[in-house]
Amino acid sequence: MNGTTIRRTLGLGTGMVALTATLLSGTAHADPSRANISVGSGNYWGVVCAQRAINAMHYENTAWYHEVAEDGVFGSDTYNGVRSFQHYMNYHRNQNLVIDGIVGPATGDDVVYMARHWNASSNCYPYVPTTY
């Protein structure tokens, strides 16, 4: 085994150890630079979280909006659902959200809360922009 082969083998082993440690750490943290979620967003799990929050709002008070598919696609139905969600949170939870159909940090705080409130296994925090 020459020096180049040894260095490559050691480098691969170090990378695998680092990857394993990351995967097994079990602690998820939000990315502080997480992009807003809106029409056409490629953030599949962030969109699903927004859709779960819309559906949680629907189950809490069916007068605000209908149920949306939790399919990870942010189209017009999810956009209108987010707008209803923002209006609902302003009216019933005394929030001061801009009703723009975009899940930014302020709306994201409520998305994380509502998705978790209605589905105890939901962990939206790593996928949704928040203020914390």
(request) Rounded to whole Å and sorted largest first, list the principal axis extents of the Cα atoms in segment 43-132. (result) 27, 27, 24
(request) Please name whichever of ASN94, GLY72, THR62 sits farthest to the positive end of the charge dipole of segment 48-132, dipole taken about the Cα centre and charges placed at Cβ: Lys and Arg +1, Asp and Glu -1. (result) ASN94
(message) Under a crude label model (7 Å from the Cα following the beta-carbon direction), how far is ASN61 from TRP118 in nanometres?
(response) 1.3
(request) Report the full-extension gain for the segment ILE99 to SER76: residue separation times 0.36 nm, less the Cα-Cα distance, to one decimal in nm. (result) 6.8 nm
(message) Applying a 10 Å radius around every beta-carbon, put 45-53, 123-131, 96-104 in order of their mean neighbour count, most first.
(response) 45-53, 123-131, 96-104
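Laboratory data are not the source of any read-out in this text; all were calculated from the coordinates shown. The shown structure was predicted, so the numbers you read here are calculated from the model rather than taken from an experiment. Because the Cβ atoms are built from the backbone with ideal geometry, glycine has one as well, and the counts that use them run over all protein chains shown.
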